[in-house]
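Colleague: The structure under discussion is supplied below as structure tokens; questions concerning it will follow.
Every number here is computed from the coordinates shown, using simple stated rules; none is lab data. Worth saying up front: this structure is predicted, and the values here are computed from it rather than measured. As a convention, Cβ positions derive from the backbone with ideal geometry for all residues, glycine included, and neighbour counts pool all protein chains shown.
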């Protein structure tokens, strides 16, 4: 397992370096002067020059990148142009809320999606199989923000069962988690069904049935265990996207997570906040993919020797 882990870590290094370069380039790709964004158009030239020197913007480009990369490695992502607060402190306050939403949505998706997939594969072609496939296609087709708005309309406005938005008690988490997890439920249901059908056609399943094992044992202990191997990949990719791309859900439900923080930073042209958030989320996505590879290798030992 250790050589496999070392190989995956070495493969992650070029990805992180590339992300660092792209995030640094945002400073020059984005329109406008970042110094003028901070001090305003009416600032005197002395103030602009002093601030430009303080931010190392008058240094040669390689020195600017070296300074930015060194600060990022030390955990210093700069300060917000708007609030003046350290970006790391803002991320530390908001990322746990995004993590709470992502974990809730992924647990819901895994529980519902895998269960539907197993039940569909147990009786392929039956009414439940056809119904679940139809719902899965709908779940994949509907945009996340549309699902969120419909949930708010039905359960918050019409039925008044749940709050429409905000953050607080667990009741505030239900609608965002369902909205965010809908697509994963559909994907996991379809993937589990396909993997289960393939596993149920294996010789070891026929042998288990020939021994007289109960169908529940055959499905759970023999077929599902092997069918979960490709499902792990979908689970890891979706969870990584939840941590890094739940912007629409957090915006619709006014969830105070990192996704909404990025939206506010973009609307206010707060470039350091955008850079720091993108860099942090990229690192999180790479780490989630690395963890997914480790779980995959633990589930299928053959992966470690490829």
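Colleague: For the chain, what does the helix formula give at 222 nm: sum of -39500 (n - 2.57) over DSSP H segments with n ≥ 4, over the residue count, nearest 500 deg cm²/dmol?
Modeller: On the way: 13 runs with 221 residues, N = 306.
Rounded to the nearest 500, the figure is -24000 deg cm²/dmol.
Colleague: Let me ask something additional. Please determine, in degrees from 0 to 90 and to the nearest 10, the orientation of helix 45-54 with respect to the longest principal axis defined by the Cα atoms of the chain, where the helix direction is its Cα long axis.
Modeller: Rounded to the nearest ten degrees, it is 50.
Colleague: Sticking with this one: Could you state the angle between the C-alpha long axis of helix 2-29 and the longest principal axis of the C-alpha atoms of the chain, as a value from 0 to 90 degrees rounded to the nearest 10?
Modeller: 40
Colleague: Quick one: compute the contact order of the chain, relative version, from alpha carbon pairs under 8 angstrom and 6+ residues apart, as a percent. Walk me through the numbers on the way to the answer.
Modeller: Details: 340 pairs, mean separation 77.7, N = 306.
Averaging sequence separation for qualifying contacts and normalising by length gives 25 percent for the chain.
Colleague: Name the most mobile residue of 109, 189, 12, meaning the one with the largest mean-square fluctuation, in a Gaussian network model of the chain with Cα contacts below 10 Å.
Modeller: Highest fluctuation among the options: 12.
Colleague: Also, I was wondering about something else. Quick one: if the Förster radius is 41 Å, what FRET efficiency do residue 149 and residue 215 give, using the C-beta to C-beta distance and rounding to 0.05?
Modeller: Values: r = 42 Å, r/R0 = 1.01.
So, using R0 = 41 Å, E works out to roughly 0.50.
Colleague: Let me ask something else about it. Could you calculate the FRET efficiency of residue 28 with residue 141 from 1/(1 + (r/R0)^6), where r is the beta carbon distance between them and R0 is 45 Å, rounded to 0.05? Can you show the working numbers first?
Modeller: On the way: r = 39 Å, r/R0 = 0.87.
E between residue 28 and residue 141, to the nearest 0.05, is 0.70.
Colleague: Extension gain residue 159-residue 11, at 0.36 nm per residue separation less the Cα-Cα distance, in nm? Walk me through the intermediate numbers first.
Modeller: Numbers: separation 148, 0.36 × 148 = 53.28 nm, distance 5.06 nm.
Separation in residues times 0.36 nm, less the Cα-Cα distance, equals 48.2 nm.
Colleague: Working from Cα positions, state the angle (0 to 90°, nearest 10) between the long axis of helix 171-200 and the longest principal axis of the chain.
Modeller: For helix 171-200, the angle is close to 50 degrees.
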